[in-house]
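The block underneath contains the structure these notes are about, expressed in structure tokens.
The values are calculated or read from the model by the stated rules, or taken from the named source; none is laboratory data. Everything numeric here is computed off the predicted structure, so don't read it as measured data. In this analysis, Cβ positions are derived from the backbone assuming ideal geometry, glycine residues included, and neighbour counts consider all displayed protein chains.
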Amino acid sequence: MTIDLEIFSPVHQIKNKLFDERDLFVYTKRDDLIHPIISGNKWRKLKYLLHEARLQQKKHLVTFGGAFSNHLLATAAAAAKFGFKATGFVRGEDVDNDTLFICRLHGMNLIFVDRESYRDKQGLFNRYFGDDEQAYFINEGGASAEAVRGCSELVAELPQTYNHIFCAAGTGATAAGIISGITQKHLDTVCHVIPVLKNGGFIGDEINKLLLTPAAYQLHTEYHFGGYGKTKPELISFIKQFVADTGILIEPVYTGKMFYALYDLVTKNYFKPGDKILAIHTGGLFGLLGMKDKFLA
Ligand SMILES: *Cc1c(COP(=O)(O)O)cnc(C)c1O
């Protein structure tokens with residue numbers, strides 16, 4: 001049986017006076033619509049890892065994440081859908097939250113490990129599942145050559161060409177996939193990568209390691225809003241305005257920062273009249289309700 005991930009991800013135009021005044025055409029690729037709770041890019045990142053697991057006749061996916069990890073959630077749901085057992089090593093002490101609840105509901109077995117042990121992922125895998133020939137190691141966040149290949153397919157789905165493509169980056173694997181997709185199609189589209197972590201320069205090194213063919217892209221490291229999972233009032237008010245104006249939900253960890261960067265660069269007249277700009281909506285909405293307090297403050 002092959003792994004058929006049923007990708008449904010249309011492109012929608014976003015209308016706004018800001019864009020009209022500058023003669024810009026802004027669109028978003030709705031990877032958030034691929035699955036109601038799974039980040040679209042996590043689905044794409046898993047596709048070829050699942051293929052590989054199947055090929056090697058593995059029956060048990062073993063992976064790693066924090067207690068709010070979109071990747072754990074995606075692995076749990078994908079394992080259930082495609083008939084694998086799943087184990088997630090969770091960093092930190094035993095907790096319960098909505099993400100872990102949904103992981104468990106999909107049948108994922110969770111093992112909580114202290115931060116020290118968590119660092120040595122291969123060691124944990126060997127210790128717990130070294131004898132289990134059916135266990136398949138998937139790195140934290142799914143970052144891998146397979147993930148890059150899965151994400152590169154996004155570019156082949158696009159209905160037209162764009163001058164600019166924007167995407168948020170945590171590990172940089174999704175961005176590397178999009179950049180590879182652009183290279184494979186010989187497009188002169190510029191990929192703009194928005195690291196959501198502080199000191200995001202290292203994302204550039206990660207991307208360069210993951211690219212099979214070196215390629216140019218733009219890294220914008222000044223939109224982290226204090227670091228991973230951190231927000232600022234201007235980010236929250238931007239998100240409120242964006243959702244109310246467009247009817248498209250975004251969240252503060254990834255897509256909010258990416259769209260903020262795009263709008264900020266538009267305001268600063270970074271783009272040329274007539275430019276077509278595509279923002280990848282990578283999803284990640286599951287954690288939004290857990291962040292309600294940030295919107296009330
Ligand atoms: C994980 C995630 C990203 C970042 O993907 P990387 O490949 O790790 O850079 C972006 N957006 C959302 C919603 C995510 O869940």
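Among what's in segment 44-61 and is closer than 30 Å to Glu251 by Cα and buried (at least 24 other Cβ atoms within 10 Å of the Cβ), pick the residue that is farthest from the chain's Cα centre (by Cα).
Per the criteria, the residue is Leu61.
Filtering segment 272-293 down to residues that are on the phi < 0 side of the Ramachandran plot, within 13 Å of the ligand (Cβ to nearest atom) and of a type in the set (Gly, Ala, Ser), which residue is surrounded by the fewest Cβ atoms within 10 Å (Cβ to Cβ)?
Gly287
Restricting to segment 136-187, and then to whatever is touching a helix residue (DSSP H, G or I) at 6+ places or on another chain (Cβ under 8 Å) and acidic (Asp, Glu), can you tell me which residue is nearest to Ala76 (Cα to Cα)?
Glu140
Kindly list, by first and then second residue, each pair from a residue in segment 54-72 that is among the polar types (S, T, N, Q) to a residue that is part of a strand (DSSP E or B) and within 16 Å of the ligand (Cβ to nearest atom), limited to pairs with Cβ atoms under 7 Å and residues at least 6 apart or on different chains.
Here the result reads Thr63/Gly88, each pair linking segment 54-72 to a residue that is part of a strand (DSSP E or B) and within 16 Å of the ligand (Cβ to nearest atom).
Taking the stated definitions as given, is Ile207 within 15 Å of the ligand (Cβ to nearest atom) and buried (at least 16 other Cβ atoms within 10 Å of the Cβ)?
Considered against the rule, which asks whether it is within 15 Å of the ligand (Cβ to nearest atom) and buried (at least 16 other Cβ atoms within 10 Å of the Cβ), Ile207 comes out as yes.
Between Phe68, Phe101, which is surrounded by fewer than 16 Cβ atoms within 10 Å (Cβ to Cβ) and assigned by TED's automatic domain parsing to the domain that holds Arg119? Step through it out loud before you land on a result.
Working: Phe68 fails: surrounded by fewer than 16 Cβ atoms within 10 Å (Cβ to Cβ).
It is Phe101.
Taking segment 146-177 as the region of interest, how many residues are more than 10 Å from the ligand (Cβ to nearest atom), touching a Leu at 6+ places or on another chain (Cβ under 8 Å) and farther than 9 Å from Lys45 by Cα?
Residues that pass the stated criteria total 7.
Looking only at residues that are within 16 Å of the ligand (Cβ to nearest atom) and outside any helix (DSSP H, G or I) in segment 122-145, which one is surrounded by the fewest Cβ atoms within 10 Å (Cβ to Cβ)? Step through it out loud before you land on a result.
Going residue by residue through segment 122-145, those that are within 16 Å of the ligand (Cβ to nearest atom) are 138-145.
Add one more test, that the residue is outside any helix (DSSP H, G or I), and what stays is 138-139, 143-144.
On the way: Ile138: 27, Asn139: 17, Ala143: 21, Ser144: 19.
Per the stated criteria, the residue is Asn139.
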